[in-house]
Structure formats: structure tokens, C-alpha cells
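The structure appears below as C-alpha cells.
Coordinate-derived values only; no laboratory data. What you are looking at is a predicted structure, and each value in this text was computed from that prediction instead of being measured. In this analysis, Cβ positions are derived from the backbone assuming ideal geometry, glycine residues included, and neighbour counts consider all displayed protein chains.
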Amino acid sequence: MIKAVLLDVDNTLLDFNKSANATIKHALKELGLKYSADVLDVFLRVNDTLWQKIEQKEITREELHRVRWSIIFDELGVIADGHEMERLFLSGLEDYAIPVDGAIDIVKYLSGKYKLYTASNAPYAQQVKRLTLSGIIPYIERILNFEAQGINKPQKQFFSECLKAVSPAKREEVAIIGDSLSADIAGGKSVGITTIWFNRTGEKSVSGLCDYTVKTLSDIKNIL
Ligand SMILES: [Mg+2]
């Protein structure tokens, strides 16, 4: 029987893509640059690649912040200050917290039955602000984040720390819901908790990777 539920934040509860797009538009305007739709596409691709490298411990989070927008501007053929854009992007992102469809409804529903915890790699202060803005924070028991210790999903240690935090719930009483097979699902599997994959983009899945798959957040009500 499940007692505690770990929730990924970006692209599970909060729509990172929509929030990032709004932030990018605003930041580019501040730099006097034009926005075009391909900026978001290039951002998402470069950002994904860099986060995968962090997950594989090939680069640090600091390196991501140092190079992210310089790479994006290079790819777009735009001459602009990548460091300044990164600064504007990071500070701007805190002001946008667009929930994924059904996110508020599902946290209300789940919080009536289980203790809820967010489990995310995003910077702690940024998460507090975004979860507050979106109205999700009242339903969350605790924000689990170990970036200060350099511990990120999908490291097993991240999930071991989560298990300590949700105690006395035992591993068989804990579930994770997240959109990333590599970070949320593989990580959850590594400590033997129930895994629920939020396949919001209709990705092709390999069987056996997760315990359950949902296409919408409200589908979680059929499982929990
Ligand atoms: Mg996510």
C-alpha cells in the first residue's frame, strides 16, 4: 500500500516548455533581440543534451549555466552575450510557473490520500517560488532537493535520500511520478519504488521500464 508519492516538477507538475518560452521571449526583449519560434526549439534541444550530460556526470551544473546560451546563440547565428542571457533566463524563469494540464487537480486528489513530496533537480529557491506561484505548494509535505550536496536524479543516492526523508514510509510504500525515463523512472527503479511514467509526449516506450504509464495526469487516479 502506497503512503508517500514523489513528484517530479518540470514537465510533470509545471510546464517547463511553456514557462521557458515565456521567459525566453521576455529575456530576448531585454537584450534588444528578436524572438522567433526556432529559439525555443534550439533551446529545448541544447538544454536536453546538457542535462543528459549532467545526469551522466560528464559536466557540472555550473558548466551548463556557463555554456548554455552561448551554444544556443551560436547555433542560431545570433551575436549576443550568452552569459547575460543565461542570467536573465534564470531570474526570469522564477516568475513563470505554468501548471501542466490537470496538475492542480491531481495534487489536490493525491494529497487527500498520500503524503506528497516534490523530487527535482531544479534549484531549490526557484522551485519554492514556482510551486508557490502555481498554487501547488500547499499540497506538498516537503520539497526534496539535494543540489547543495551535488546529488541529482538519477543518482541512486538522490533516491536513497528521498527514502530517508519520507520515512517511516518504506520503499514498498513509495511511488514516483515523472516524465523522464532516464531521471525519474530509472532512478526510482534503482531503489525499488513503484514507478509511474507520465508519457506526456507519446514517446515510444520499452516494456518493463516502468510499473505504470499514464498519458494524462488525471489517469493517475486509476492507479493511486
Ligand atoms: Mg521532468
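What the table shows:
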item: Loop-located chymotrypsin sites (Phe, Trp or Tyr not before Pro) in the range 1-104, at most 16 other Cβ atoms within 10 Å (DSSP); result: TYR35
item: Computed FRET value (nearest 0.05) for ILE137 with ILE79, which takes r as the C-beta separation and R₀ as 45 Å; result: 0.65
item: Spin-label pair THR49/ARG200, simplified geometry with 7 Å Cα→Cβ offset, distance in nm; result: 2.4 nm
item: FRET efficiency, LYS3 to HIS26 (Cβ-Cβ, R0 35 Å, nearest 0.05); result: 0.30
item: THR216-LYS34 FRET efficiency (beta carbon distance; Förster radius 22 Å; 0.05 resolution); result: 0.05
item: MRE, 222 nm, helices only [DSSP H, n ≥ 4, -39500 (n - 2.57), over the chain, to nearest 500]; result: -13500 deg cm²/dmol
item: Normalised contact order of the chain, rounded percent, pairs of Cα under 8 Å and 6 or more residues apart; result: 25 percent
item: Kirkwood hydrodynamic radius of the range 16-93, from inverse mean 1/r over distinct Cα pairs, in Å; result: 12.5 Å
item: Alpha-carbon centroid distance for the pair the range 89-139 / the range 145-224, whole angstrom; result: 16 Å
item: Net length gained if the chain between GLU63 and LEU90 were fully extended (0.36 nm per residue, minus Cα distance); result: 8.3 nm
item: Prolate/oblate/rounded label for the chain (Cα gyration tensor, a/c 1.5); result: prolate
item: Average Cα contact separation per residue, the range 1-119, under 8 Å, 6 or more apart, as relative contact order %; result: 48 percent
item: Tilt relative to the chain, helix 16-30 - C-alpha long axis, 0 to 90 degrees, to 10; result: 20 degrees
item: Nearest-ten-degree value, helix 82-93 long axis tilted from longest Cα axis of the chain; result: 40 degrees
item: Cut-off 11 Å between beta-carbons: net charge of the residues surrounding ASN121, Lys and Arg +1, Asp and Glu -1; result: -3
item: Environment charge of ASP101, counting only residues whose C-beta is closer than 10 Å and scoring Lys/Arg +1, Asp/Glu -1; result: -1
item: Whichever aspartates and glutamates have a C-alpha closer than 19 Å to that of LYS34, once near sequence neighbours (fewer than 8 apart) are set aside; result: ASP74, GLU75, ASP81, GLU84, GLU86
item: Whole-Hz couplings from phi, Karplus 6.51/-1.76/1.60, listed for the range 50-59; x for Gly and Pro; result: 5, 5, 5, 5, 5, 4, 8, 6, 7, 9
item: Net charge over other residues, Cβ less than 12 angstrom from the Cβ of ASP15 (K, R count +1; D, E count -1); result: 0
item: Over 32 Å between alpha carbons, listed pairs LYS53/LYS189; LYS53/LYS221; LYS129/LYS156; LYS25/LYS113; LYS113/LYS156; LYS53/LYS108; result: LYS53/LYS221; LYS25/LYS113; LYS53/LYS108
item: Residue exposure sequence - VAL42, VAL206 - by fewest surrounding Cβ within 10 Å; result: VAL206, VAL42
